[in-house]
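In what follows, a structure is listed as structure tokens, so that the remarks can point back to it.
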Amino acid sequence: MLPADDPARRFYEELLDRFGSDDVVVVALISDALFTRDGLATLERTSRALSRAPGVSRVESLATAVRMRPVEDDVEIAGFFDEPIGSDEAARALRAELLDDPLRAGSFVSVDGRASAILVTFERVPEDEFLARALDLGVLEIARSEAADMQVVMAGTPHVKAEVGRLLESELAVMVPIVFALMSVLSCVFFRSVRLGMVPLAAVATGLLWTVGVMGWVGHDLNIVTTLIPPLVLALGFAYATHVVAGFAADGEGGAARERARRALAHVAFPVTFTALTTAAGFLSLTSSGLAVIQGFGIFAAISTAATLLAALTLVPLLLAHAKDGGVARSNPTTDFLDARFAALADLDARHATPILWIGAALAVVAAFFATKIEVNLPVIENFREDAEIRRAYETVDELFGGANQFFVMLRAEERRAFEDPALLREVAAFQSWLGEQPEIGGSTSVVQYLEVLNAGLGPEAEPVRRIPDSANLVAQLLLFGANEELDVLLDRAHQVITILVRSTATETSEFNRLAERIDARLRELPSGITSHTTGNAILLTRSADRIALGQAKSLAWAGAMIGLLLIAYFRSLRLGLFALLPNLLPVGLYFGLLGATGITLNNSTALMGSIVLGIAVDDTLHLVVEFRRGLEAGLARDQALREALVRVGRAITCTTLAVCVGLLVVGASALQNQAEFGVLGAATLAIAWAVDVTITPALCLRWLEAKPSKG
């Protein structure tokens with residue numbers, strides 16, 4: 001999500017380069033019989049089997065961990081299972097030993113002694129390859145097969161990301177056909193003709209094919225944001241094609257289908273093209289975001305707009321020119337029930353224009369108030385439904401081990417061997433004690449705990465004492481004596497950089513951001529000469545959330561500026577351009593008001609909607625304003641011009657709005673929270689935009705465009 005030059009991403013990549021992959025999942029084996037001879041044999045067998053699983057680079061568990069304990073005047077460094085556990089009594093003794101071990105209690109063994117964690121680190125492979133090979137599911141299947149008599153759960157960022165990918169794939173395969181089917185029905189009902197009704201669907205299918213083809217051609221993968229493009233393409237492309245077909249069906253002049261298609265295209269080609277430009281401008285404004293996934297969405301959504309427009313202006317007239325069923329031309333709009341309703345609505349707008357404008361202003365004030373309550377958050381485990389298996393597994397690991405969410409604190413000294421200094425190590429120990437006092441943190445592990453255990457066996461005290469040695473030379477000796485693979489991920493060979501592994505129950509980025517801010521403030525209290533930063537997948541998500549708010553403001557500013565300039569150029573009038581933009585700012589404001597009022601957060605999906613709504617809503621406004629101006633230029637009175645305009649475009653903008661809302665509501669059925677919020681809120685906001693266009697926009701037309709505008 002973050003650009004390559006982002007500091008948080010650079011720190012994370014440094015962590016990977018120094019200490020290896022961070023793609024770790026926790027496989028927890030849970031059983032009341034865990035610490036029996038057979039239970040520990042199952043744990044050992046499962047660990048060995050997982051180490052041979054495809055895509056796994058390292059497995060850490062009690063079966064691989066180093067056991068450091070005093071033996072007479074020496075310290076024994078060996079594996080916990082170097083000697084078979086011969087009895088249940090020996091297993092229970094091992095349990096008591098582990099729960100007293102600061103390195104193992106809360107990490108490899110749960111605090112209640114009922115569960116043991118196996119940490120599985122995957123090879124560094126691209127996420128699409130990880131998903132295609134289902135590496136996480138392979139590990140889970142092996143664990144459940146080897147430990148069939150135990151409860152087995154898995155938690156960790158790689159598993160979460162892969163599960164999101166699988167959900168997106170399965171939902172996309174279902175959503176696109178459903179949206180296509182619903183729009184087919186809607187279109188056929190709207191045009192009262194199966195032949196005409198299927199014409200817009202042919203255009204959007206072509207536009208979708210072109211869009212996905214371009215994405216595949218340039219090698220851009222579908223991700224949690226760009227998977228929204230296919231249903232969005234179907235909805236938006238339907239609008240462009242529908243205006244062409246509507247012009248064809250409403251043509252009262254008669255004649256051959258080819259001539260009617262030519263007249264329909266001539267009538268709507270420019271406004272449709274221009275509305276596509278404003279929609280594309282809304283999408284392209286998203287490229288100002290600091291998140292690569294949102295930038296990619298903006299680019300390919302703009303490409304989809306161009307593709308569906310091209311299909312609407314080429315394929316649709318071609319199909320209409322060969323249509324045997326030309327539809328029912330309506331020379332008298334008031335004979336149609338829906339058109340009669342729009343005529344009555346135009347009369348209502350004319351009678352109550354001033355109150356309507358005051359209501360719009362009041363709604364804007366209320367929306368502004370609630371918009372101040374918006375929070376930014378990227379949901380991780382909360383993105384899944386409460387009854388989802390992966391969410392329940394995460395909660396189980398949180399409860400057993402004090403946090404399924406792991407991140408790192410990296411400390412770097414200016415000089416080599418700096419972390420052999422006992423005073424500096426005590427600063428690290430004090431920092432870890434502070435971490436333990438934070439309610440979101442279940443525990444932490446660093447080189448300090450290793451040194452304390454080693455000192456208990458090899459220290460100068462007559463009685464074993466777990467503490468940091470007083471001598472730098474003794475620290476160096478202990479680190480040399482106790483060197484192992486576990487220590488290698490916590491301390492570099494130069495003893496200049498250390499990492500502190502932190503286990504946290506915080507999952508929402510808003511919560512994690514507050515924790516990270518407290519940690520950063522505490523890190524500034526460390527001695528001079530020590531640089532520090534937090535990193536890990538959780539930190540990257542938090543930094544991404546920070547960019548969302550700024551990106552939202554920038555993209556809205558760019559969208560407003562680009563669309564405003566396009567409108568000014570179209571009308572060749574600053575006043576008319578701003579006039580056409582003004583009513584479309586209200587739905588955007590109401591959208592953010594809805595976010596604040598409902599408590600829905602601004603995330604990588606909901607952050608898209610502001611610019612999208614502005615780009616889409618202006619389309620219907622433009623069609624209405626164009627028709628209203630045509631009526632004035634034809635010499636009609638303002639009330640009559642409004643009636644003719646609303647009747648002429650009302651049916652089309654209602655159908656297209658309904659189509660887009662239907663498409664978004666299908667997305668709203670997603671099992672992923674941020675996708676569902678995008679769909680439901682997007683549909684609600686575009687419905688509001690439609691209501692604005694048939695009430696507030698006409699009222700503005702009547703108040704602002706009193707005189708007949710000059711041609712050109």
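So which of Ala559, Ala476 ends up being touching a residue at least 40 places away in the same chain (Cβ under 8 Å), part of a helix (DSSP H, G or I) and not assigned by TED's automatic domain parsing to the domain that holds Glu437? Let's see the steps before the verdict.
Numbers: Ala476 fails: not assigned by TED's automatic domain parsing to the domain that holds Glu437.
Ala559 is the lone residue from the list that is touching a residue at least 40 places away in the same chain (Cβ under 8 Å), part of a helix (DSSP H, G or I) and not assigned by TED's automatic domain parsing to the domain that holds Glu437.
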Name the residue that is surrounded by the most Cβ atoms within 10 Å (Cβ to Cβ), counting only residues in the stretch 117-143 that are modelled with pLDDT of 95 or more and touching a Ser or Thr at 6+ places or on another chain (Cβ under 9 Å).
Ala143
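Give me a count of the residues in the stretch 360-377 that are touching a residue at least 40 places away in the same chain (Cβ under 8 Å) and more than 28 Å from Ile548 (Cβ to Cβ). It would help to see each step written out before you state the result.
Pass one, the stretch 360-377, residues touching a residue at least 40 places away in the same chain (Cβ under 8 Å): 360, 363-364, 366-377.
In the following step, the residues that additionally are more than 28 Å from Ile548 (Cβ to Cβ) were identified as 360.
Residues flagged as touching a residue at least 40 places away in the same chain (Cβ under 8 Å) and more than 28 Å from Ile548 (Cβ to Cβ) within the stretch 360-377 amount to 1.
Buried (at least 19 other Cβ atoms within 10 Å of the Cβ), more than 19 Å from the chain's Cα centre (by Cα) and either in contact (Cβ under 8 Å) with a residue 40 or more places away in the chain or not in a loop (DSSP other than H, G, I, E, B) (or both) - does that describe any residue in the stretch 518-528? Steps first, answer last, please.
Of the residues in the stretch 518-528, the ones buried (at least 19 other Cβ atoms within 10 Å of the Cβ) are 519.
When the remaining residues are screened for being more than 19 Å from the chain's Cα centre (by Cα), the result is 519.
The next check asks that each one be either in contact (Cβ under 8 Å) with a residue 40 or more places away in the chain or not in a loop (DSSP other than H, G, I, E, B) (or both); those that pass are 519.
Yes, the stretch 518-528 has at least one match.
Let's see how each residue does on (1) buried (at least 22 other Cβ atoms within 10 Å of the Cβ); (2) in contact with a His (Cβ under 6 Å, 6 or more places away or on another chain); (3) at pLDDT below 80:
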position: Arg195; (1), (2), (3): no, no, no
position: Val218; (1), (2), (3): no, no, no
position: Leu234; (1), (2), (3): yes, no, yes
position: Thr242; (1), (2), (3): yes, no, no
Determine whether Ala28 is at pLDDT 90 or above, on the phi < 0 side of the Ramachandran plot and surrounded by 18 or more Cβ atoms within 10 Å (Cβ to Cβ).
yes
Those helices (runs of 4 or more DSSP H) completely within the stretch 378-460 that have 3 or more residues that are touching a residue at least 12 places away in the same chain (Cβ under 8 Å) and in contact with a strand residue (DSSP E or B) (Cβ under 6 Å, 6 or more places away or on another chain) are 389-401, 447-458
Listed by first then second residue, the pairs whose first member lies in the stretch 492-505 and is assigned by TED's automatic domain parsing to the domain that holds Glu395, whose partner is modelled with pLDDT of 90 or more and among the acidic types (Asp, Glu), with beta carbons under 6 Å and at least 6 positions apart or on separate chains, are His495/Glu420
Yes or no: the stretch 633-650 includes at least one residue that is closer than 26 Å to Ala281 by Cβ and polar (S, T, N, Q).
no
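Yes/no per residue for (1) farther than 29 Å from Ile500 by Cβ; (2) not assigned by TED's automatic domain parsing to the domain that holds Gln496:
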| residue | (1), (2) |
| --- | --- |
| Ala364 | yes, yes |
| Pro379 | no, yes |
| Glu395 | no, no |
| Arg412 | no, no |
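From the list Leu578, Leu582, pick out the single residue that is over 29 Å from the mean Cα position of the chain (by Cα) and under 28 Å from Glu677 (Cα atoms).
Leu582
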Which residues, counting only those in the stretch 52-62, are surrounded by fewer than 18 Cβ atoms within 10 Å (Cβ to Cβ) and without any contact (Cβ under 8 Å) to a residue 60 or more places away in the chain?
Arg52
Ser573 passes all but one of (1) out of contact with any strand residue (DSSP E or B) (no Cβ under 8 Å at 6 or more places or on another chain); (2) surrounded by 18 or more Cβ atoms within 10 Å (Cβ to Cβ); (3) over 13 Å from Val618 (Cα atoms); which number fails?
(2)
Index of the failed condition, Pro422 passing every other in (1) over 39 Å from the mean Cα position of the chain (by Cα); (2) at positive phi; (3) of a type outside the set (A, V, I, L, M, F, W, C)
(2)
Return yes or no: is Thr227 among the polar types (S, T, N, Q), modelled with pLDDT under 90 and in the same structural domain as Asp619 (by TED's automatic domain parsing)?
yes
Say whether the condition of being in contact with a Gly (Cβ under 6 Å, 6 or more places away or on another chain) and at negative phi is met by at least one residue in the stretch 650-661.
no
Step by step: first the residues of the stretch 1-25, then only those that are exposed (fewer than 15 other Cβ atoms within 10 Å of the Cβ) and not in a helix (DSSP H, G or I), then the one that is modelled with the lowest pLDDT. Which residue is that?
Pro3
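Within the stretch 259-293, can you find the residues that are farther than 30 Å from Leu556 by Cβ and touching a Leu at 6+ places or on another chain (Cβ under 8 Å)?
Here is the first cut: in the stretch 259-293, the ones farther than 30 Å from Leu556 by Cβ are 259-267.
Arg260, Ala261, Ala264, Leu265 - these are the residues of the stretch 259-293 that are farther than 30 Å from Leu556 by Cβ and touching a Leu at 6+ places or on another chain (Cβ under 8 Å).
Could you list, in sequence order, all residues of the stretch 600-614 that are without any contact (Cβ under 8 Å) to a residue 60 or more places away in the chain and closer than 16 Å to Glu508 by Cβ? Please lay out each step first, then the result.
Step one: filter the stretch 600-614 for residues without any contact (Cβ under 8 Å) to a residue 60 or more places away in the chain, giving 610.
Answer for the stretch 600-614, where residues must be without any contact (Cβ under 8 Å) to a residue 60 or more places away in the chain and closer than 16 Å to Glu508 by Cβ: there is none.
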Considering residues of the stretch 493-517 that are hydroxyl-bearing (Ser, Thr, Tyr) and assigned to a helix (DSSP H, G or I) only, the residue nearest to the chain's Cα centre (by Cα):
Thr509
For the stretch 362-383, how many residues are modelled with pLDDT of 90 or more and within 25 Å of Leu168 (Cα to Cα)?
0
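The values are calculated or read from the model by the stated rules, or taken from the named source; none is laboratory data. Treat the numbers as computed from the prediction; the structure is a model and nothing was measured. Backbone-built Cβ (ideal geometry, glycine too); neighbour counts: all protein chains shown.
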